[in-house]
Amino acid sequence: MYRNLTPVKKQNMVGSHGTKNFYFHVDNPIYLLEPEYKECSLNSPEILAILGLRSNPMAITSLLAIEEVIKNLDKTTIDNLKKPIYTVRTPDSFDKKHEIKNIPILYSYGTEYFTRFDYHNTYSCKEEGIKALSNFKDAISMSKKIEICIDKGTMIIFKNQKILHARNEFTTNYDGYDRWLLRAYA
Ligand SMILES: [Fe+2]
């Protein structure tokens, strides 16, 4: 599935069609993660590919491996992130708004970790969930990231549920020459 991504003039929009700070997240966080996959279920994409068709040098994409975040978390926080005490809402880019309740943010499978964290759309009403999300955000700020400007002809490919991504705020003119990306899921 391919999708064209260009800025859309819509007030306070945060997401793949916005220009405001789009903090760390995985795409399609409301769907099942790899260890949860079932036959005929709606699954979060395993692979995310983004191709630059027109660049904006002010727009920087950041990538952060979940393993780097885990290094900066204590065991209690990791255990609490695995509890089904979180709510995840669909991002602004979804036409239909809904939310999924009572799901975990983090899964471990063997030695691997998977996450459905979305800075803008992940919540908890439980005290340990609120604290764990706060610790997770602090760990993100401390963790080692890769930053890249997706130039024309540049393609990045990464594991969606294992690599969080973000994009800084940038300005655009909405004049037909705006940043233009092509996104594909697998
Ligand atoms: Fe995204």
Going through the range 1-33 one residue at a time, which ones are at pLDDT 90 or above and closer than 26 Å to Lys101 by Cβ?
Phe22, Tyr23, Phe24, His25, Val26, Asp27, Asn28, Pro29, Ile30, Tyr31, Leu32, Leu33
Kindly list, by first and then second residue, each pair from a residue in the range 10-21 that is within 13 Å of the ligand (Cβ to nearest atom) to a residue that is outside any loop (DSSP other than H, G, I, E, B), limited to pairs with Cβ atoms under 6 Å and residues at least 6 apart or on different chains.
Val14/Phe22; Ser16/Leu5
Quick one: Lys83 ticks every box in (1) touching a Pro at 6+ places or on another chain (Cβ under 9 Å); (2) basic (Lys, Arg); (3) free of Cβ contacts under 8 Å to residues at least 40 places away in the same chain bar one, so which box is it?
(3)
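What do you reckon, is Tyr109 surrounded by 12 or more Cβ atoms within 10 Å (Cβ to Cβ) and of a type in the set (Ser, Thr, Tyr)? Steps first, please.
Values: surrounded by 12 or more Cβ atoms within 10 Å (Cβ to Cβ): no; of a type in the set (Ser, Thr, Tyr): yes.
In short, no.
Checking the structure you have, find out if any residue of the range 142-151 is of a type outside the set (Gly, Ala, Ser), crowded, with 20+ Cβ neighbours inside 10 Å, touching a residue at least 24 places away in the same chain (Cβ under 8 Å) and assigned to a helix (DSSP H, G or I).
Taking the range 142-151 as the starting set, the residues that turn out to be of a type outside the set (Gly, Ala, Ser) are 142, 144-151.
Among the residues that remain, those that are also crowded, with 20+ Cβ neighbours inside 10 Å are: 150.
Narrowing the set further to residues that are touching a residue at least 24 places away in the same chain (Cβ under 8 Å) leaves 150.
Now restrict to residues that are assigned to a helix (DSSP H, G or I): none.
For the range 142-151, residues of a type outside the set (Gly, Ala, Ser), crowded, with 20+ Cβ neighbours inside 10 Å, touching a residue at least 24 places away in the same chain (Cβ under 8 Å) and assigned to a helix (DSSP H, G or I): absent.
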State whether the residues of the range 117-128 include one that is farther than 12 Å from Ser62 by Cβ, of a type in the set (S, T, N, Q), under 14 Å from the mean Cα position of the chain (by Cα) and not in a loop (DSSP other than H, G, I, E, B).
yes
Taking the condition of being more than 16 Å from the ligand (Cβ to nearest atom), in a helix (DSSP H, G or I) and within 20 Å of the chain's Cα centre (by Cα), how many residues in the range 56-79 meet it?
7
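Quick one: in the range 99-129, of everything that is β-branched (Val, Ile, Thr) and more than 15 Å from Pro35 (Cβ to Cβ), which residue is modelled with the lowest pLDDT?
Result: Ile100.
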Of the conditions (1) of a type outside the set (Phe, Trp, Tyr); (2) over 14 Å from Thr87 (Cα atoms); (3) free of Cβ contacts under 8 Å to residues at least 12 places away in the same chain, the single one that Ile130 does not satisfy is (2)
Across the range 35-75, which residue is surrounded by the most Cβ atoms within 10 Å (Cβ to Cβ) among those that are farther than 29 Å from Cys149 by Cβ and touching a residue at least 24 places away in the same chain (Cβ under 8 Å)?
Leu73
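Identify, please: which residue in the range 76-98 is acidic (Asp, Glu) and surrounded by 12 or more Cβ atoms within 10 Å (Cβ to Cβ) and is, among those, modelled with the lowest pLDDT? Break it down into steps so the answer makes sense when it comes.
Taking the range 76-98 and keeping what is acidic (Asp, Glu), we get 79, 92, 95.
With the extra rule that they be surrounded by 12 or more Cβ atoms within 10 Å (Cβ to Cβ), the set shrinks to 79, 92.
Details: Asp79: 98, Asp92: 74.
Checked the range 76-98; the qualifying residue modelled with the lowest pLDDT is Asp92.
Could you tell me whether Asn28 is touching a Leu at 6+ places or on another chain (Cβ under 9 Å) and polar (S, T, N, Q)?
Numbers: touching a Leu at 6+ places or on another chain (Cβ under 9 Å): yes; polar (S, T, N, Q): yes.
It is true that Asn28 is touching a Leu at 6+ places or on another chain (Cβ under 9 Å) and polar (S, T, N, Q).
The values are calculated or read from the model by the stated rules, or taken from the named source; none is laboratory data. Keep in mind that what you see is a predicted model, and the values were worked out from it rather than measured. Neighbour counts are summed over all protein chains in view; Cβ atoms, including those assigned to glycine, are modelled from backbone coordinates with ideal geometry.
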